[in-house]
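All remarks here apply to the structure that follows.
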Amino acid sequence: MWLVLVVFFIAFTKNVQITTLDIGKRLYGAEPNSTGIQDAITPTWQTRNNIISFVLLFAFIGTSLYVFKWYAGLGIFLMTLFVVIPLVSNYLMYPPSSVFIVKKIRNNLVKKQKIYFEKGDSLRAEAVSEILIRLDEITNLD
């Protein structure tokens, strides 16, 4: 059961990361090898999820090596990392740039904008407003 939770959590985190990178590049025509404004649109919970994913992977490899013989544990870990997680990510999880993920990113930006307005940081609030307008233009969300 733990393996399933780890796989689904990491697959979702991966798809959100791919989405923020894609949107971050498309928002303002970033150069091919840059991330555009990915950092500005990445929700705080996604940053936390990225850290948790790495911790889960280290715990998973440690558990696999402890429970199974070293070669079986390593094989299970590699199979999970390079086969199971990509399969779940592609077929059982919200795909990258899906409406669900984009709406979660947009809702987080709206919350950031509200916080900036409440703190009196009008410059950042206006920057988020501009990002939201561009985001609506490139994603065509209703």
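Values quoted throughout were computed directly from the atomic coordinates according to the rules given, and no laboratory measurement underlies them. Since the model is a prediction, treat every value here as computed from it, not as a measurement. Positions of Cβ are backbone-derived with ideal geometry, glycine not excepted, and every protein chain shown enters the neighbour counts.
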Next on the checklist: Anything in segment 88-113 that is in a helix (DSSP H, G or I) and either touching a helix residue (DSSP H, G or I) at 6+ places or on another chain (Cβ under 8 Å) or more than 22 Å from Thr20 (Cβ to Cβ) (or both)? List them, or say none.
Outcome noted: Val88, Ser89, Ile101, Val102, Lys104, Ile105, Arg106, Asn108, Leu109, Val110, Lys112, Gln113
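Being of a type in the set (A, V, I, L, M, F, W, C) and either touching a strand residue (DSSP E or B) at 6+ places or on another chain (Cβ under 7 Å) or free of Cβ contacts under 8 Å to residues at least 40 places away in the same chain (or both) is the filter here, so list the residues in segment 97-124 that pass it. Let's see the steps before the verdict.
To start, the set of residues in segment 97-124 that are of a type in the set (A, V, I, L, M, F, W, C) comprises 99-102, 105, 109-110, 115, 117, 123.
Once the filter is applied, which keeps residues that are of a type in the set (A, V, I, L, M, F, W, C) and either touching a strand residue (DSSP E or B) at 6+ places or on another chain (Cβ under 7 Å) or free of Cβ contacts under 8 Å to residues at least 40 places away in the same chain (or both), segment 97-124 yields Phe100, Val110, Ile115, Phe117, Leu123.
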Checklist outcome for this item: Per the filter on segment 96-123, residues surrounded by fewer than 16 Cβ atoms within 10 Å (Cβ to Cβ) and either in contact with a Phe, Trp or Tyr (Cβ under 6 Å, 6 or more places away or on another chain) or farther than 28 Å from Phe12 by Cβ (or both) are Phe100, Phe117, Glu118, Lys119, Gly120, Asp121, Ser122, Leu123
Checklist entry - What is the one condition in (1) without any contact (Cβ under 8 Å) to a residue 12 or more places away in the chain; (2) surrounded by 13 or more Cβ atoms within 10 Å (Cβ to Cβ) that Tyr71 does not satisfy? => result (2)
